[in-house]
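Undergrad: Sharing a structure here in structure tokens format.
Read-outs: derived from the displayed coordinates by stated rules, not from any lab. In this text the structure is predicted, and so the values were computed from the model without any measurement. All Cβ positions, even for glycine, are placed from backbone atoms using ideal geometry, and neighbour counts span all protein chains on display.
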């Protein structure tokens, strides 16, 4: 069939040329339309459930909410792990499915299981699934904050104009004002000062200037005969307004962008209308908290009066009783709400409570470059093009910023995943381009002929566009578009030199046969078309089987599971598709171009080799004769070298993946459990100063940090349920900084530890952080999980483990999950006294919840914006825990006893100090605590082995408790075992394929001897470059096998050809001739395959190339030794060991031939 394809191509040669040109143009266009990402799709099918459980303590959430949901989900189809975190009033559950599960099927499974919980969960508690998002989906972290003016003063908007008023304090009482017409808000040089006729300042009488950090009041500004008001609000009020802008302007605009799954916000203060009750006034006016609640609910409604029909028209009748829309009017109207009756007049709300605009109690905060602000974390949907979506989101931020006052700055460059993608793709593409140029140079040096070089090189662009077309076709068939990423480009980079291999062998053979044909007498010369066909046909078998062996060696990549499978399968797929594409090109385009360009070439009429090939043949001749003179000695030395390489390999360190530079650093800050949000903010202020001292600015142009952003605690509906004592910084690093990355990390650790003693610090990278969490549910490379039932015991054992491994060399300081008993205030209701006074637990709990935590009784509308109306005690009474037991509770009415009076809380409850867990983490329905750490200057496997030995020898586990080691180490071990097994299967597959081509075990074993010789070079390359053994380097070894064996096939098939087709006898001269005639194609294929990888090896530390660096290193080193041994060992091995079998098979002519028996 292959001969028929070659014949068809030569017969319809012009059609082949036209189709090739069309494919080249169309494929190039499609390549520009493909999505680009840094890594392949690493999204494990995962569903996250968030359950709000107001009023429930941590242990109650675990028992009443977490356990029932876990039991319902365990054992569901495809579920592999169920992890949960329970905190006061909140539960987050992560359900991880098998990698082959469709996300829609996973969500449907979870929804079906949740439906079985009807009636089991407490009333009013409804689990919610978060929107489907990508684990690598945090593509942009942006922030907004209020900036100072050109003079360093506070900025506010002048009326409804674009002008800005700046107030600069000159001493305690003196104030100076400047009015600006802003240009670019990011460049004060473009701002123009506006002249004013008069400025009158009026202090806000409702504020105490001694208590305010900033001056509050109104400036009446007269410009060109018109008067404008500029309101200078308090800092707290400005934070409320900033959060309102974020909630109702920026976030909806971002969610409108197609491809955005969710936008989380941290920072600022969410505005509420707060009714802060004075309990003394309640007692004085004989009003209860319940009275206030009911009055407010009844004072914020709109109703309908039907329709007013007049003749042939009708008008709807509306009763307008809802508060709003202006905030000042809302507050005044609330103050006048009647909350109780008095013999002479109604008791108004302002008499028993203070009505204010205040901040909602928050469980998280954020800052931007050290400024108080609001942090936006934008999460993309799965399978969305990150670069296109990043551009759309950035455009949305720019659009929003242009509509805001000039004192509000939007910084959308705090963290952009696109920057890492662009750098990584550029670096790999650059390596591809340099590799291609090197391949061209090598080809020309060998061929010394522009025509043969041109024909050979056409295989590269045509193979690449065919690969692109294949990607698109598979994307159309599968419904999920394949992207261009570091791994697919890596597969093409590995294949770059080999793309021309088939064309090299074909062109070299056609060129040589045309030369031989031209040397014949004119009457014996054959048609160039026939020579082209026969020469292509002659080497087709070796090309087919060589390609089959290479493809077979890459097949194990598709059996890898987990993250490593998702990473390296695209590399193998891109490699195989490009190699098959080059095979197709060598059967169609190469013979056609050879026919058009070579017969009339002057080079085909000249005898002799080029200077490079002539010199190499002289050197190699001595190697071949030495090989045949002492084959056994060389064979023994080879296997001694293999044994040495195996020993060296066993001494190498082991890691999961090579470290890669994302261009960003993540710093995790953990305060002791029980620390408040205010404490976290205070510590963060000190850490901000460290980062600001390293930030790039006009005074420090080589600063290591461009921007930094802080996220502390948890955002609303965020699946990362971080407590308020945990915060994380993301630092965007300056690529132009001369300081080495490792030095920056060491400096950061040292400075932060000095500024924040007693605080746990972890330094890592955002993507690595997320990948670690996806692998094991823990944000670290090494996770020591202790499973058990009692939290105190878990904590005690965890601290013992931490102390045991504290001084293990090569690891960062271990950190125990901040899970422990923390102080609580307990209000214990007494059953007997409740019965005496005739009140239920629910009744008392509701009163206390409203008084202490607050109760949202309604919502106030300001246009289309909604704000909660909250009732709770005045702050000084709410936090007066010493006198909390004197809180008065109105007794409920009874029949015949309409007014039973009031009691104090201490009459029905005991108020005291207690303890309770701040959080409970579970995995697969069992409590667990984690000690986590990362490696630093040491391999992962060695560190984990040391940790295991120490814990095994020094830590005694209680009965019913056990330790599990997770994190990247677990994946590294699993991947290593899988690759070793699959490599063995691959070698067996090669053996079977080669046995079909050469039905002799001796010949097949000789060809497979290329594997150990390549192994020697691969290990040597790792040792020389001081790399550890990673999954990437193991992938390099299994990829190397097929490439090394391919050259052996070329050599042996030519020996067969000489003996069978040209009648050569099995002699040393035949072996020498066959080896020298195949020197050019073997060296060219090996050199082009290896030299194309040199840019990846030399620039292996560049972002994007790190994960391909070990692959390229192993292949390059292995190719060097296997090609060298191809002429130093294999000719002698063929002469002494397998040549007689080859001679017998070549000369055997029987009737069984056509049945493949010879």
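Undergrad: Relative to the first principal axis of the alpha-carbon coordinates of the chain, what is the inclination of helix 386-402, with its axis defined by its Cα atoms, in degrees from 0 to 90 and to the nearest 10?
TA: Value to nearest ten degrees: 30.
Undergrad: Which translational diffusion coefficient, to the nearest whole µm²/s, is obtained for segment 46-133 from the Stokes-Einstein equation, given a Kirkwood hydrodynamic radius over C-alpha pairs, 10 °C and 1.306 mPa s? Provide the component values of the computation, followed by the final result.
TA: Details: Rh = 13.0 Å.
Translational D for this selection: 122 µm²/s.
Undergrad: Still on this model: In degrees from 0 to 90, rounded to the nearest 10, what is the angle of the helix 1079-1091 Cα long axis to the longest principal axis of the chain?
TA: The answer is roughly 10 degrees.
Undergrad: So if R0 is 60 Å, what FRET efficiency would residue 746 and residue 168 give, r being the distance between their Cβ atoms, rounded to the nearest 0.05? Can you show the working numbers first?
TA: Values: r = 41 Å, r/R0 = 0.68.
Efficiency for this residue pair is about 0.90.
Undergrad: Give me Rg/Rg_expected for segment 148-232, where Rg uses Cα atoms only and Rg_expected = 2.2 N^0.38 Å with N residues.
TA: Ratio of Rg to 2.2 N^0.38 Å for segment 148-232: 1.08.
Undergrad: What length, rounded to one decimal in nm, is gained on full extension from residue 948 through to residue 413, with 0.36 nm per residue of separation minus their alpha-carbon distance?
TA: Here the answer is 188.4 nm.
Undergrad: Right, next: Show log10 I(q)/I(0) for the chain at q = 0.07 Å⁻¹, two decimals, from a solvent-free Debye sum over equal Cα scatterers.
TA: For the chain, the Cα-only Debye profile gives -0.81.
Undergrad: With a point put 7 Å past each Cα toward its Cβ, work out how far residue 697 is from residue 831 in nm, to one decimal.
TA: 6.5
Undergrad: Working from Cα positions, state the angle (0 to 90°, nearest 10) between the long axis of helix 13-33 and the longest principal axis of the chain.
TA: 20
Undergrad: Compute the FRET efficiency between residue 448 and residue 1061 as 1/(1 + (r/R0)^6), taking r as their Cβ-Cβ distance and R0 = 35 Å, and round to the nearest 0.05. Write out the running numbers ahead of the final one.
TA: Details: r = 27 Å, r/R0 = 0.78.
Given R0 = 35 Å and the Cβ-Cβ separation, E is 0.80.
Undergrad: A follow-up question, please. When all C-alpha to C-alpha distances in segment 664-764 are sorted into bins of 10 Å, what percent of pairs does each bin hold, rounded to whole numbers?
TA: 15, 48, 28, 9, 0
Undergrad: Rank-order 179-190, 421-432 by packing density, defined as the average count of other C-beta atoms within 10 Å over each peptide's residues, highest first.
TA: 421-432, 179-190
Undergrad: Hey, can you rank 36-42, 904-910 by average C-beta count inside 10 Å, highest first?
TA: My ranking of the peptides, most packed first, is 36-42, 904-910.
Undergrad: Hey, another quick one. Using Cα pairs closer than 8 Å and at least 6 residues apart in sequence, work out the relative contact order for segment 148-232, in percent.
TA: 22
Undergrad: So, one more: Report for the chain the percent antiparallel among DSSP-assigned beta bridges with both residues inside it, nearest 5.
TA: The antiparallel proportion sits near 95 percent.
Undergrad: Let me see the P(r) profile for segment 562-677: every Cα-Cα distance counted, bins of 10 Å, each bin given as a percent of all pairs.
TA: Computed distribution, short to long bins: 8, 12, 17, 25, 20, 9, 4, 4, 1.
Undergrad: Sticking with this structure for a sec: Quick one: order 271, 751 by neighbouring beta-carbon count within 10 Å, fewest to most.
TA: 751, 271
Undergrad: Given segment 271-359, report the % of alpha carbon pairs whose separation exceeds 21 Å.
TA: For segment 271-359, the share of Cα pairs beyond 21 Å comes to 42 percent.
Undergrad: Using 7 Å Cα-to-Cβ label points, what is the residue 861/residue 806 separation (nm, one decimal)?
TA: Here the answer is 6.2 nm between the modelled labels.
Undergrad: Beyond 14 Å, how much of the Cα-Cα pair distribution for segment 852-902 remains, as a whole percent?
TA: 68
Undergrad: Here is a follow-up. Output needed: percent of Cα pairs per 10 Å distance bin for segment 645-684, bins running from 0 to the one holding the longest distance.
TA: Computed distribution, short to long bins: 19, 24, 18, 23, 11, 6.
Undergrad: Using 16 Å as the cut-off for backbone N distance, which residues of segment 573-592 belong to the label zone defined by a point 7 Å from the Cα of residue 527 along Cα→Cβ?
TA: 592
Undergrad: Debye calculation, C-alpha points only, no solvent: report log10 I(q)/I(0) for segment 943-1022 at q = 0.16 Å⁻¹, in the same order as the q values.
TA: Ignoring solvent entirely, the Cα scatterers give -0.80.
Undergrad: Evaluate E = 1/(1 + (r/R0)^6) for residue 188 and residue 988, where r is the Cβ-Cβ distance and R0 equals 60 Å; express this FRET efficiency to the nearest 0.05.
TA: 0.25
Undergrad: Of 587, 74, how do they rank once you tally other Cβ atoms within 10 Å and put the fewest first?
TA: Least to most surrounded, the residues fall as 74, 587.
Undergrad: How big is the C-alpha Rg of segment 871-995 next to the rule-of-thumb value 2.2 N^0.38 Å, as a ratio?
TA: 2.27
Undergrad: Please work out how much length the chain gains when fully extended from residue 222 to residue 622, using 0.36 nm per residue of separation minus the C-alpha to C-alpha distance, in nm with one decimal.
TA: The span from residue 222 to residue 622 would gain 134.1 nm if fully extended.
Undergrad: When the chain is fully extended, how far beyond the present Cα-Cα distance does residue 1023 get from residue 197, taking 0.36 nm per residue of separation?
TA: Length gained, residue 1023 through residue 197: 289.5 nm.
Undergrad: How far apart, in nanometres, would the label points at residue 98 and residue 561 be if each is projected 7 angstrom from Cα along the Cα-to-Cβ direction?
TA: 0.9
Undergrad: In whole percent, what relative contact order does the chain give with Cα contacts below 8 Å and a gap of six or more residues?
TA: For the chain, the relative contact order is 16 percent.
Undergrad: Mean residue ellipticity at 222 nm from the helices of the chain, using -39,500 (n - 2.57) per DSSP H segment of n ≥ 4 over the full residue count, to the nearest 500 deg cm²/dmol?
TA: -15000 deg cm²/dmol
Undergrad: Enter the per residue convex hull volume of segment 393-521, computed from alpha-carbon coordinates, in Å³ rounded to the nearest integer.
TA: 159
Undergrad: Continuing with the same structure: Relative to the compact-globule scaling 2.2 N^0.38 Å, provide the ratio for the alpha-carbon radius of gyration of segment 372-426.
TA: 1.27
Undergrad: In whole angstrom, how far apart do the alpha carbon centroids of segment 840-903 and segment 648-671 sit?
TA: 53
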